[in-house]
Amino acid sequence: MQLYNTLSAEERAKLIDEAGQQRLTLSFYAYAKIEDPKQFRDNLFIAWNKLDALGRTYVAKEGINAQMSVPAENFEAFRETLEAYDFMKNIRLNVAVEQDDHSFLKLTVKVRDKIVADGLNDETFDVTNIGIHLKAKEFHEILEDPNTIVVDFRNHYESEIGHFKGAITPDVETFRESLPIINEQLKDFKEDKNLVMYCTGGIRCEKASAFFKHQGFKNVYQLEGGIINYAKQIQEENLESKFIGKNFVFDHRLGERITDDIIAQCHQCGKPCDNHTNCENEGCHLLFIQCDECKAVMENCCSTECQEIIHMPLVEQVKLRRGVKNGNMIFRKGKSEKLKFKKSGDLDAVALATVEKKDIRQKINPKRRVKKTLVGKCEHYYVKSQIGQFLIEKTELKIGDKILISGPTTGEQELTLTEMFVAGKSVAIAKPNDQMTMVLPFRVRLSDKIYKILG
């Protein structure tokens, strides 16, 4: 009976590409009393593994919280595995606005003390005594009431790239920090104000709504299904979005666009940008906002110090990391003196720029047409050594050729071949059926294709 992953992320991504099936990224949660979380966890893993479901799930005595990637053809079968439990009958599944077949590459189901860490130790607190759920249209109506206070119960790095206009955006790093801060800030408004809250998918503000009712707030509301469900509803009902910018998500996409407005800045140069990246230095791995230009110049690093480190031999990098407790820095998600243009706390809902619309008929940068021919596909990326492996399928490559590596996450990356290897030897020509490797200044993925630029 298999209760753990047997494939690496790279192996799983290859299987997904070969299958060619559409996958759906979705999330859901449910608060309930689960007597035996360990047995519940094992049952879910067995059922989901049979359906090729992937993702990250936490279960606890207080319920379940999941972000998943499921083959579209198995969607209803997946729902049945949930509705086999009474507390998940008719459960709402938040399907992502933007889909990516590689959003999750492993199935992880873990038992935790709580599905949302809240820092509370109060046995009288009933997490199921929640506030009133609001659909998108109802949410818009209550926003017009001058007695309404709207609170964003996400963290600073989430609200920085997108939030509802007029919302309080606490400068916090964890959900547990926001509860006492907001409780103190709004203590004089328990009787006469509408306390309206929102988060990514609803799970955090659902617990927050129960907490603030427990604290004596009379009029407590939450956005049903969070920003993910809100985005779906405004599209279906043709409503104007009161949310501006991008919604941060916790899979490898790190965000899905709600409006074309860019309200954040590159943390390194200040250019309008709302794309997050993790520092390439494994000893740092800081999450921050980085534009394409800085990404190229800084090689995905947050500082020149980290950039120098990634070019050191691996053994030297490991020595630098040994014994250094840098977890707080890594998970402080964008809080670093290195980031000159970081903003948090009171945030404006003013667009600094809008997303450039691309001609979907063009595979290349619409500013110029590039003649190219398909050469092959990516097979592997070795993170530590920054080496990409490609299968040459269609035509040969020579040293001096200009190439284009293209993919949905990688984007369009052009470079000139200066060195490549086949079977571990430096070669001048790579021919069809060769497995060619080369050092790359950026990460490539299994969905990427390699082209030769003509002319």
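The values are calculated or read from the model by the stated rules, or taken from the named source; none is laboratory data. In this text, all values refer to a predicted model and were calculated from it rather than measured experimentally. Backbone-built Cβ (ideal geometry, glycine too); neighbour counts: all protein chains shown. SASA here: full protein model, heavy atoms, side chains in, ligands and nucleic acids out. Shrake-Rupley method; radii C 1.70, N 1.55, O 1.52, S 1.80 Å.
Provide the gained length on full extension for the span Ala428 to Leu320, in nm with one decimal, where the gain is 0.36 nm per separating residue minus the Cα-Cα distance.
Answer, rounded to one decimal: 35.2 nm.
Sequence gap at least 6, Cα distance under 8 Å: using those rules, report the relative contact order of the chain to the nearest whole percent.
Answer for the chain is 12 percent.
GluC sites (Glu not before Pro), restricted to segment 23-74: which are DSSP loop and have at most 14 other Cβ atoms within 10 Å?
Glu35
How many nm separate the modelled label positions at Lys190 and Asn275, each set 7 Å beyond the Cα in the direction of the Cβ?
Here the modelled spin labels are 4.8 nm apart.
Output wanted: per-residue J couplings in Hz (rounded whole) for segment 167-173, from phi through Karplus 6.51 cos²θ - 1.76 cosθ + 1.60, θ = phi - 60°, x for Gly and Pro.
6, 6, 10, x, 8, 10, 9
For Glu379, what residues show an amide H to amide H distance below 5 Å, using hydrogens built from the backbone and excluding near sequence neighbours?
Gln389, Phe390, Leu391
With θ set to phi - 60°, apply the Karplus curve 6.51 cos²θ - 1.76 cosθ + 1.60 along segment 98-108 and write out the HN-Hα couplings as whole Hz, x wherever there is a Gly or Pro.
Per residue, the Karplus-derived 3J(HN,Hα) values read 10, 9, 8, 4, 9, 4, 9, 10, 9, 9, 10 Hz.
Taking +1 at the Cβ of each Lys and Arg and -1 at the Cβ of each Asp and Glu, which of Ile228, Phe211, Leu195 sits farthest along the dipole of segment 180-251 towards its positive end, judged by Cα position relative to the Cα centre?
Value: Phe211.
For segment 125-233, just say rounded, prolate or oblate: build the C-alpha gyration tensor, square-root its eigenvalues into a ≥ b ≥ c, call rounded for a/c under 1.5, and beyond that prolate if a/b exceeds b/c, oblate if not.
Judged from the Cα gyration tensor, segment 125-233 comes out rounded (a/c under 1.5).
Give Lys372/Lys394; Lys106/Lys232; Lys295/Lys340; Lys319/Lys340; Lys190/Lys213 a once-over and call out the pairs whose C-alpha atoms are over 18 Å from each other.
With Cα atoms farther than 18 Å apart: Lys106/Lys232; Lys319/Lys340.
Only helical DSSP H runs with n ≥ 4 go in: add -39500 (n - 2.57) per run for the chain, normalise by residue count and round the 222 nm mean residue ellipticity to 500 deg cm²/dmol.
Value at 222 nm, helices only, nearest 500: -6500 deg cm²/dmol.
Among (1) 1.31; (2) 1.17; (3) 1.06, find the value of Cα Rg over 2.2 N^0.38 Å that was calculated from the structure presented, and write down its label.
(3)
If you put +1 on each Lys and Arg Cβ and -1 on each Asp and Glu Cβ, how big is the dipole of the chain around its Cα centre, in Debye rounded to 20?
Value, rounded to 20: 1320 debye.
Could you grab the relative contact order for segment 128-268? Cα pairs under 8 Å, six or more apart, rounded to a whole percent.
Over segment 128-268, the number comes to 30 percent.
Among the trypsin sites (Lys or Arg not before Pro) within segment 164-204, which fall in a DSSP loop and have no more than 16 other Cβ atoms within 10 Å of their own Cβ?
Lys165, Lys190
Whole-Hz Karplus ³J(HN,Hα) for segment 274-285, in order, using 6.51 cos²θ - 1.76 cosθ + 1.60 and θ = phi - 60°, x for Gly and Pro?
Ordered by residue, 3J(HN,Hα) equals 9, 9, 7, 9, 9, 3, 5, 6, 4, x, 10, 6 Hz.
Checking the a/c ratio against 1.5 first, then a/b against b/c, what shape does the Cα gyration tensor give for segment 70-118?
Oblate shape, in that a/c is at least 1.5 and b/c is the bigger or equal ratio.
Amide H to amide H, which residues 5 or more places from Gln265 or on other chains are under 5 Å from it, using H placed in the peptide plane?
For Gln265, the qualifying residues are Cys273.
How big is segment 370-455 by the Kirkwood estimate over distinct Cα pairs, in Å?
12.6 Å
Within the accessible area of the chain, what % is carbon and sulfur when the probe is 1.4 Å and the other protein chains stay in place?
48 percent
At 7 Å along Cα-to-Cβ for each site, give me the label-to-label distance between Asp36 and Val350 in nm.
A separation of 6.0 nm, rounded to one decimal place.
How much length, in nm to one decimal, is gained on full extension between Asp126 and Thr395, taken as 0.36 nm per residue of separation minus their Cα-Cα distance?
Value of the extension gain: 90.3 nm.
Taking a probe of 1.4 Å, how large is the accessible area per residue of segment 121-269, in Å²?
That works out to 40 Å² per residue.
In terms of modelled amide H atoms, which long-range or inter-chain residues lie less than 5 Å from the amide H of Cys302?
For Cys302, the qualifying residues are Glu280, Asn281.
Rounded to the nearest 20 Debye, what is the dipole magnitude of segment 371-444 about its Cα centre when Lys and Arg each give +1 and Asp and Glu each give -1 at the C-beta?
Approximately 20 debye in magnitude.
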